[in-house]
Structure formats: C-alpha cells, structure tokens
1. Going through the range 167-203 one residue at a time, which ones are open to solvent by 10 Å² or more (accessible area, probe 1.4 Å) and β-branched (Val, Ile, Thr)?
2. Only one residue in Gly663, Gly656, Gly615, Gly652 is closer than 23 Å to Leu703 by Cα, open to solvent by less than 10 Å² (accessible area, probe 1.4 Å) and outside any loop (DSSP other than H, G, I, E, B). Which one?
3. Only one of these conditions is not met by Gly408: (1) touching a strand residue (DSSP E or B) at 6+ places or on another chain (Cβ under 8 Å); (2) open to solvent by 10 Å² or more (accessible area, probe 1.4 Å). Which number is it?
4. Please verify whether the range 270-281 includes one or more residues that are within 27 Å of Leu678 (Cα to Cα), basic (Lys, Arg) and surrounded by fewer than 24 Cβ atoms within 10 Å (Cβ to Cβ).
5. Could you list all residues from the range 468-504 that are surrounded by fewer than 24 Cβ atoms within 10 Å (Cβ to Cβ) and either of a type in the set (Gly, Ala, Ser) or within 16 Å of the ligand (Cβ to nearest atom) (or both)?
6. Report yes if some residue within the range 39-58 is β-branched (Val, Ile, Thr), in a strand (DSSP E or B), over 25 Å from Gly209 (Cα atoms) and more than 28 Å from the chain's Cα centre (by Cα); otherwise report no.
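The values are calculated or read from the model by the stated rules, or taken from the named source; none is laboratory data. None of these values were measured; they are calculated from a predicted model. Positions of Cβ are backbone-derived with ideal geometry, glycine not excepted, and every protein chain shown enters the neighbour counts. Just the protein is used for accessible areas: all its heavy atoms, side chains included, with ligands, DNA and RNA removed. Shrake-Rupley method; radii C 1.70, N 1.55, O 1.52, S 1.80 Å.
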Amino acid sequence: MATKFPHESAEKHVSGEAVYIDDILVGERLLTGRVVYSPHAHARITSFDLKAASTLPGVRAVLSYKDIPGHNQMGPVIKDEVCLAESEVICVGQAIFLVAAETSEQCIEAEKLIRVEYEPLDPILTIEKAIDKGSLMGPAARIERGDVDRALASSPHVVRGELRTGAQEHWYLESQICLCVPGEGPEMTVYSGTQHPSETQNLIAELLGVRKNDVVVEVRRMGGAFGGKETQGNHTACWTALLAHATGRPVKIRLFRDDDMKITGKRHRFLSRYEAGYDDEGRIIAVRFELNSDGGCTADLSFAIMERAMLHCDNSYYIPNFSVTGRVWKTNLPSNTAFRGFGGPQGMAAIETVIDRIARELNKDAADVRRMNFYGLAEDNVTHYGETVENNRLPAIYDQLMKSSEYGRRREAVNEFNSSNEFFKRGLAITPVKFGISFTTSFLNQAGALVLVYTDGTILVNHGGTEMGQGLHTKIHQIAAAEFGVSPDRVKVNATNTSKIPNTTATAASAGADLNGMAVKAAVDTLKSRIAEAVAAIFTEKHPEDPSRAEAIVFQNDRITDSGRPDRTIGFAEVMPMLHLRQISLSATGFYRTPGIGWDKRKGHGRPFHYYAFGMAVTEVLLDVLTGRHTMLRTDILHDVGDSLNPGIDIGQVEGGYVQGVGWCTTEEVKWDDRGNLLTHSPDTYKIPSVQDIPKDFRVALLEGVPNPNTIRLSKAVAEPPLMLALSAWLAIKDAISAVANHEIEPEFSLPATNETILLSIEDLKIRLERDLVSQPAV
Ligand code: MOS
C-alpha cells in the first residue's frame, strides 16, 4: 500500500472546510433543542408542571415522558434505560424534559420556568457502598483454570492487595450532537454523532413508534468519540428526534461541554482485589482476581466491558492457575460506558500491579519478571479462557525494544541518578500489551459494503463503519483502490448511511478497518469477476479464434488486461461506458463475518478473538519529590500492526492512544461530591494531556515484517491496544516513588497517579521509613 497517504480529510480538518453536524446548513426553520436533567442523584419525582415553560414566546415544544409516542427506552443491550425519567431519577444528569425553541436563549428561559417537585432518596455513589448494599447490576461472571486455592497454598511466596483505577472522561473535541430533519409522513433523517448508526436508527424508530425503513441515520464524521459515542451518541439522537417529531421542524441539540461532561458516562472505575503466588525466580504460579466495576445507574455496555477486563487481566502472561471474578455494581452516577480499551486497561493495570510487586519483593528488575512470565511460542501459550496465543510477537518485540531503548544502560543511569539526588528521582518501566481483536459478543463481528462504479470510471464506496478522526475512511479508500488496481483519486468514500448499509455493527473494538475493509473487498471482488467476464467477452469478439478467459483478466495500473496476452488491454475508465451499454450491473454489495471465532460466555471458554495485537513501551520519568510533579523524559514504543495499511495513520493512533492512556494514568481525575454532582466538569478542573505532557523524547516504531494472516491486506487493528502502553508511564512513576525509600518499602499507589496521589505516597513512604529506622535496635 502507498506509504504516504494522508488522512482523506486532513486538509479539510485544518482549513475548517470539514463539515461537522454543527456546520450543516438547515435554514431558518431550524429549532434549538435542550435537555433538562436531574439535579439529584436519586429522587422520586412527585409532580411537575410544564405550562409556564410551554407558553413562553419562541418555545415550540416542552416534552416529558408522557409525550413519547413509542417506547420510552434507549437501553442499547438491556432495556433498563428510559429515554426520559418517569417517576424516579437515578443520577445527576439524567434527562427528564426536552425543550425546543427558536433560540438557545429561549430554551434556557423555558427551563427556568419548569416546576418539578422531588423527594430525595439515599444515593449510592461509591463501589464500596454498592457492595455494602448488595447493589449488583447482574450476576457475577467467572473464568477459571487450574486449582487456584491449592496453588496459592503451596506457592513459596504470595502477594495480596487491592488496586483502585479511576474513571476517565472521553473529551472528544466535538461534544454530543444531533440534527434531525423530519420528512414526508413519518420519515426522519438523522445526522448523528454516533459510532453505531444502526442502533441509533433502531432506538429512534422504537421511541417514535415508526418503522425502521422510515428512519435514516447519516454520519459524515465525528470530532472524536473514543467509545463515548458507541451507545451514548444514541441519547442525544433520541432526544433530538423526539423534538423534531413533536414540532415537525428540524431540531438540533448540541450539548455544551459542561452538560456533556455531567450527562454522559465515563470509563468504569474499578476496585480490584488480587492474590498471587510465585516462585523464588518470580514465575507466577497462581492468581486470583476479584474485579469490581462501577457500572453507574444502568447496564449500558458494562457487562461486555467487565468481560473484556476479565479476558485481559492476564495481559501478556501465562498464569497456570487462574481465577477471575467480575462484578458490575449499580450506583447513582451516569451510566458508565465504552472507552478505548473497553475494560482492557483496568484488567491489565491489575496484573501489572501484581508483576511490579513481585519484582520489588524479590528485589529484581520488573522487566526480567515480565519477560519470564510471557506467553511462550510453543508451550505455555494458552490463555485462561482457552484461546491459544498464535503468532506471538511478545519475545521479538521485547528483545528489539530493550535494545533500541537502551534499557540496560538507562536502568544503570537511573540508579546512579537516584543515589546522588535527594529531591529528584527517576523511574523507568517497560510494559507489554496483548489485546484481543474481535467483539466478544461474536455475532457483532460482521460488516456490509456497497460499491458503485460510474461510467466515468469513478468509484463510490459505502460501508458500515464510521469515521471519528481515526482514519477508517482513508484506509477503506486505499483498500478499494488497491483491490481495483486503480489510482486512489478515482475513489470516494461516502458518508455512512443506514439506507445504504443496513443492520451494521458499531465502529468499535478496534475492528472498523478489519471488518469493513473485508466487506469492501468482497464487494470489489464481486464487481471484478463480473467486469472480467464482460471484458474477456469484448476481447474475444476481436479475436474469436483465440478467446480471452475471465480468469486471466487482471486489474492493475488503472487498466484491465488479459494477463496471458498483454496487448489486450483497456483503460478502467474507458471500458465502463461500454459495459453500461452492454447492460452490465456496476454495483455490488459485500459482506464479511469473522471466521473461526466462538466464545461461551457462561463457561468462560473458547476462542473469542480472531487474533491478538501486541506492543510494548519503555517510559522514563523524572519526579520532583517535594511537589509530586512528574515529567515524562522519554518513551520508546514498538507496536505490531501487521502489514500497516497506512503507517502515518497507524503511528498517529499509537501516539494518540499512548498519550490518552497517560491521561488516564496520571492527571485525569474524575471527582464527584457527596451528592453525586460531578466536580470536574470542564477543562479547568479536569486535566487532559496537553502538548507539554507528551514525552520530551518520543520514539514510536512499528514492528516490521510481520504480516497478519487472514485479515484485510495482512494488516492488524490499531485503535485501542496502544492506550494500555501508558501503564509503563504509571509504573515508571511508581518506580521513581519507590526510589525515595531506596526500593525497600512497597509504596501505596493507585491510578491515576496525580500530583496529590504521588505526594501522599511519598509522604507515607517517608513516615514508614522513619518508623523503621527508629524501631531498629541500636548497635
Ligand atoms: Mo470502543 S471503547 O470499543 O467504542
């Protein structure tokens, strides 16, 4: 594939010409919509009065659940989530009423006139309280292998503890948005910022009580999503559709940043308990994990996210005796949802904590302990859920990265630095990622495409995936051109539209290019065999004595040629009008389903993943011991994307994923008050990484010469896996903290490692260090 192929919208993004939903021209009939949401984490609604608000000049609709024509429901998997609250509110930010008015100011005025009486109830705002109250979202899940009890009892060493990992706000640049334009009769065209257009279509149809063939959802592009629009893009779309339906006019809702942050769910907080047995070398014998997540007030995707956490708490390590139990707890916070990594980061943070502790207990470099526990190439290569780790790149990546990052030399330099500096400490860590690619709900691994060729030789590609800045359309564009053997400028990728491709899967699980790329290839293959047949016939008409065979026809360099007789050739564009005259169909659908996967959720066994993506990162940090502030000095990453479809885009994804992960691991702290109000609801209280937080020296490379079998053009998924490489930054910080006590005491540590967390950890170490010194017997 072309090595330099810029993002298809790169110029439009930077010039401002890219059309986002807020830029679509609608005209003066457009109304502004607003969501009125709960100020209580948990309360009964005893009465409400919308009269004064409804009669305000400019106001065209004020709606409650009573005005919903169909089902009051927008639960994506489990139907436990009402669209508008009825008699009870279960989190701050839950939608209760909708307002549409000529102007946004009139909406705000109308909201002030809505009268609601609440009877506050006791909210559950922490995992601890949920556990205490038995507030389970659903049954616990378990995956087991071996005899963990016996293995722990006979292990030479055991570590135990618990780890807290924090929530994370998606902070897509484009907040949740939708524009709905009513058409004839029940028809509705929906321009939505959604990763899942078909689900948005389905929910709107059910909400409005209309048929699915009356609702069209279109997505040109989103300004970022990161999982935050996998299900929760639906919400704003549903609210907007209700208002458009009620008023018969186009309506747009764009959430203000603060509202978006308050209303939408986050990455799940986890409270993870661990117990791990290991030998004198540091080899893991047994692990028991109890993973607890804060699901928020409804299920959303929480069970699938917990499942992925349970399937990734081995990370890259072979653990012969393993038991993991996952429980999702119901709290009175906005429903937590998909976020890049989808439970993987939380699961990996748990096992990386275990490895780090084992290394410190044995006074070894954690890099060595990691290496000795990696899945093997020929043995010790089956996961706790029974999938064999095929094409294992871990040892190769480790060897190459340890060398290219000069890990050994730098470890010595770090030790040297730490022994001669009291107020600054350095830390260094390498962490691996092994990430399973496929939706663990196996049927979701399907995609459709519709490819059209016009008589001027241009090609229009439709597929079911959505563009959110990640470069999916660019990759699809390249795939279509390469498969047709034509130059990319013949190709255009259409906006995603449910009237072109039905019943699509969310663009998620890093699988957008894998699934839709294959579907596009299938459509192109169908067209090519049809065209080859017709072109062979055209060639044969000129040489009836020596016929051309369709099987010999090749598509390359913008030409269609009989490979056995290279003088019989015709331009791709030149032949299309001829094919049209000959009544040859120049459009085709394509379909793909991932082969060979299957997973029994109840037994916790099977082959959930088509393959694994691998990567590793080495991060070095500098810590100011007096302030707790850290600086990222250098990061080296080596990541496996198979034969890259687009190295520029893939490196961008690796860099972006790592930096977004660093945010989760360090500065991004989501906080609520004791009444369930989000305290960190704007960029001045919630700190995402900025340009100053990127490593001073940032070296990202893709593993070379590793084609990935049975995928589109031998490539590999990229989006999510690199996020978890950021655990190297988190553990490098821990390494630097640990140096304060000369690596003799295990620091208290959690995630994110904010300045405050770091400083408390250091102070705690100092107190324990002094206590130990005092209690030493005098010589
Ligand atoms: Mo992604 S977190 O699977 O939308």
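1. Passing the criteria: Val181, Thr189.
2. Gly615
3. Of everything listed in (1) touching a strand residue (DSSP E or B) at 6+ places or on another chain (Cβ under 8 Å); (2) open to solvent by 10 Å² or more (accessible area, probe 1.4 Å), Gly408 misses just condition (1).
4. Yes; the residues of the range 270-281 include at least one that is within 27 Å of Leu678 (Cα to Cα), basic (Lys, Arg) and surrounded by fewer than 24 Cβ atoms within 10 Å (Cβ to Cβ).
5. Gly469, Ala481, Ala482, Gly485, Ser487, Ala495, Ser499
6. yes
Residue-wise test of (1) under 12 Å from Lys434 (Cα atoms); (2) among the small types (Gly, Ala, Ser); (3) within 16 Å of the ligand (Cβ to nearest atom).
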residue: Val324; (1), (2), (3): no, no, no
residue: Pro334; (1), (2), (3): no, no, no
residue: Thr337; (1), (2), (3): no, no, yes
residue: Gly347; (1), (2), (3): yes, yes, yes
residue: Ile351; (1), (2), (3): no, no, no
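A quick yes/no check of all residues on (1) under 30 Å from Val491 (Cα atoms); (2) open to solvent by 60 Å² or more (accessible area, probe 1.4 Å); (3) hydrophobic (A, V, I, L, M, F, W, C):
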position	(1), (2), (3)
Arg29	no, yes, no
His40	no, no, no
Asp67	no, yes, no
Leu84	no, no, yes
Glu88	no, yes, no
